[in-house]
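One structure below.
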Amino acid sequence: MAGIVDWGVHIPAHRLPRALLAGRKADSGPERALAWADEDSVTMAVDAARLCLKDRARDTIDLLLFATTTYAFAEKQGAALIAAVLGLPQAVRTADIGHSLRGGAQALLLAHDAVKAGRARQALVLIADCRMGAPGSELERSGGDAAVAFLIGHDGVVAELSGSTAHSEELVDVWRRDGDRFIHQWEDRFTTQYGFLDPSAAAAAKLPTAADGAHRVWATSAPNKRALGSLAKAIGAAPTAMVPGLFDTVGYCGTAQAPLLLAAALDTAETGQELALLTHGDGAEALLYTVVAPRPGHAVADAMAQRIPVPSLNAYRRARGLDAAEYPPVDDQGISATIHFRERAEDLRLQGQRCACGEPQFPKQRVCIRCGAKDRFTPEDFAERGGTLVTYTLDSFFPSPTPPTAVGVVQVADGPRIYMQVAGLSKEGPALGMPLRLAFRRIHDAGQRPNYFWKALPERNVP
Amino acid sequence: MSLRDRAAIVGVGCTHFMENWTSSAEDMIVDAVFEAYADAEIEDPNRQIDAVFCGSLYSAMGPVDVSEALKLYKPLTSVYNYCATGTEVVRAAVMAIAAGAYDTVLAVGYDKPKDRGVSGPPVAFRGVRNLPATPAGWFALAAAPYFAKFGAGREELAQIAVKNHHNGTLAPKSFLKKEITVEDVLNARMIAWPFGLYDCAAQTDGAAAVIVTRADLARNHPKQPVLVKAITSHCSPHPHTDPDHDFLRWKATENAARDAYRMAGIDDPFRQIDVAQLHDCFTLTELLSYEDLGFIPKGAAKEHIASGTFTLAGELPVNTDGGLKSFGHPTGASGARMIVENTLQLRGEAGARQVQGAKLALSHNIGGYPTGCAVCILGVE
């Protein structure tokens, strides 16, 4: 029986206090998770996937689905990019699922179908969104950013898929037109009633009733606390059966919202429990899981634990590119697609090489820096290794929403030295010899497209 | 083949280094070169100059700039090695003379960065994974390990800036003629830790020219001949990927200095060299160079800075005209400007900044990440 084998969660470390958005001083009140200038749905999905796949083989993943409404390209696949970053076999099938907030549930169902039908040994489903409300809007305050990864397969299943329903609906409630940066929404009560409540309740009603003695927990896409309460009433569930929404810590994460809550439920699932994923958007979709072999985890708690308060509204505006500029940025800064093509393994997987003499090197070159031999190299990926900081500077000249930028030489464990940015530092800043991990980030937007590479981050602070 | 005593410098010229809004690269080339012509008493360059060597970082058409500006239609060689370009131009000229290809050549280093509309280097992305090019960030990478190991800090760097600002006030053609204090340096806005604004060289426009001839022909010119005792260049692995680098030194300087001392027959540089112009693109670069050039042992800079070893009144005055820091840094011109200054020092023509009785003078350029270095040692009998 196909089901969820493992899961991973990425919540960006930057948290924006809602008080700042309301023009007040930062306080300890509600806040939202914010993808920083070097993060987007792709980098967040990569991080969630790496956590999900930690210590797991990747060569049995035959299908990768990427569900998001926030991806930088209208034409150019995100899933193929992520498959290259993760080093999945090139025979992997890849697809993006977009345009609707229920894309995550749709991707999960497609993955289950493929695994069940024997079309894929394992399928990786990545669901990510960055909710961008217009400056000053309620959607800016209530939005949140997150990514969730699920590994679907036959072996080691924690929760089996035991049912699914769909309900399609057509209305104009929440939308972004092609080219729009910000989410737009029709009148709030109309949107909640006809865009969220009615279709959600319709999809939920078609699910089989709970098995004898089974406790059903609901991971839903309710956009706020009040809507969550209304939904509980509408589907006849006890308020305690609804997974709470993280509304005041992470925010409402669009496509990733219900999947994030499903991950939270999986972290604490018990045998025999039923987990219902209920997501809306141009209708609604419900997936019912039965927990068969719980594996207590802390994917959501770990992701929540990484926290860097955004220092000011100015820093937020710079990170999100919200400041007006008279002239558009230059469209071509010499970023060559052919060089990108030649160097994609280096850029996307941090692939270097090891000489027959044993010397690891990055980037790939023809002649060994140690022994001088030519072309005696074997490719080697360094992204999953940690490292230490050999030296650093804090560069104030470097373009950044919050200068200075830490830049340094990283000694990769049993690997080469790599010159890279050091991100996610606490106020204490960098220190010689500090342990580091590597993270896939949006490094700059030269050529007016996202350019991705790796940064070094302090070792994950796990509670 | 040793280049020692094969060639002599018989004429030098240098423009005022400044933000030269009202003149072009060609204007500055003409000013520097005609000053050198006059210094060497060259009246008919088309007869007396056999070839031209030139170097510039920012000009994409160096040979055309120089030959068109001077109307000197001679064999022209364009040389490039990042910030070591100015010394490399003279090295190419000396090698050509030593090889017997020419008798008398003109070497010109120049740059006109201030026409680009930015202060400092351009912060541009060159590739998908590349970080913006910020030289301050590259040269700063030696700071944390050096400070941790040898106990020096921003105060020692500040004293280098204070010294070079003072020397600059004594050089008529320098850009910055302003005394500063250690507090000024420490309180300036940060560029790339540990470098504040005053730890960074002043980027300016400028040109410098040197006329080099066969040593045995030097007496045809009026000024006391200044012999090239050694001129060397070396490269080192890129420090960002060098698996063995300790970030306490820049290896290219160590290598180029070793070759230069061998060529010049110097075994105790600190005692034998009377005056030195070092590449102070950033204060730490000058500090590391004291040690990398073998003037003092590795780690000893802090005590020598405290005791004033490298001030004008010290045992080995460094950057007598203010250096890149305050004379200015038109990249391709800097190495040639250092050779001009050392020539003036060796002839006793350096005015208020004269190091008395100087017989042997060293100049040093380092450039890239840094990856390339050139060293020139001049002497008079």
* If you go through segment B:24-58 one residue at a time, how many are surrounded by 20 or more Cβ atoms within 10 Å (Cβ to Cβ) and within 22 Å of B:ALA96 (Cβ to Cβ)? -> 17
* **Considering residues of segment B:152-162 that are away from chain A (no Cβ under 14 Å) and more than 17 Å from the chain's Cα centre (by Cα) only, the residue surrounded by the most Cβ atoms within 10 Å (Cβ to Cβ)** => B:ALA158
* **Hits in segment A:408-425 (condition: among the polar types (S, T, N, Q) and either within 18 Å of A:VAL310 (Cα to Cα) or buried (at least 21 other Cβ atoms within 10 Å of the Cβ) (or both))** => A:GLN421
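Results for (1) over 24 Å from B:TYR369 (Cβ atoms); (2) in the same structural domain as A:HIS10 (by TED's automatic domain parsing); (3) buried (at least 20 other Cβ atoms within 10 Å of the Cβ); (4) of a type in the set (Ser, Thr, Tyr), shown as yes or no for each residue.
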position	(1), (2), (3), (4)
A:LEU389	no, no, yes, no
A:ALA406	no, no, yes, no
A:LYS427	yes, no, no, no
A:ALA439	yes, no, yes, no
A:GLN448	yes, no, no, no
* To do: Output yes when any residue across segment B:132-148 is within 28 Å of B:MET28 (Cα to Cα), more than 14 Å from every other protein chain (Cβ to nearest Cβ) and in a helix (DSSP H, G or I), and no when none is.
  => no
* Pick from B:ALA215, B:ALA171, B:ALA188: which is away from chain A (no Cβ under 14 Å) and within 30 Å of B:TRP138 (Cα to Cα)? -> B:ALA171
* Total residues in segment A:425-463, condition closer than 23 Å to A:TYR71 by Cα, at pLDDT below 90 and either facing chain B (nearest Cβ under 8 Å) or in a loop (DSSP other than H, G, I, E, B) (or both) -> 4
* Structure fact -> Flagged in segment A:339-382 as under 31 Å from the mean Cα position of the chain (by Cα), more than 11 Å from chain B (Cβ to nearest Cβ) and polar (S, T, N, Q), in numbering order, are A:GLN351, A:GLN353
* Would you mind stating whether A:PRO294 is over 30 Å from A:GLY429 (Cα atoms), in the same structural domain as A:GLY78 (by TED's automatic domain parsing) and assigned to a loop (DSSP other than H, G, I, E, B)? => yes
* Sole residue being surrounded by fewer than 20 Cβ atoms within 10 Å (Cβ to Cβ), under 28 Å from A:GLU359 (Cα atoms) and at pLDDT 95 or above, chosen from B:ASP268, B:ASP242 -> B:ASP242
* **Lone qualifier among A:GLY281, A:GLY229, A:GLY236, A:GLY272 - being surrounded by 24 or more Cβ atoms within 10 Å (Cβ to Cβ) and assigned by TED's automatic domain parsing to the domain that holds A:GLY29** => A:GLY281
* Which condition number does A:PHE341 fail, the rest of (1) within 30 Å of A:GLN90 (Cβ to Cβ); (2) in a loop (DSSP other than H, G, I, E, B); (3) at pLDDT below 95 being met? -> (2)
* To do: Within segment A:345-390, work out how many residues are in contact with a strand residue (DSSP E or B) (Cβ under 6 Å, 6 or more places away or on another chain) and assigned to a helix (DSSP H, G or I).
  => 3
* Note down all Cβ pairs under 8 Å where the first residue falls in segment A:61-87 and is farther than 18 Å from A:GLN122 by Cα and in the same structural domain as A:ALA383 (by TED's automatic domain parsing), the second is surrounded by 22 or more Cβ atoms within 10 Å (Cβ to Cβ) and modelled with pLDDT of 95 or more, and they're at least six residues apart or on different chains. => none
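The values are calculated or read from the model by the stated rules, or taken from the named source; none is laboratory data. If you're wondering where the values come from, they're calculated on a predicted model, not measured in any experiment. Ideal geometry is used to build each Cβ from the backbone, glycine not excepted, and the neighbour counts take in all protein chains shown.
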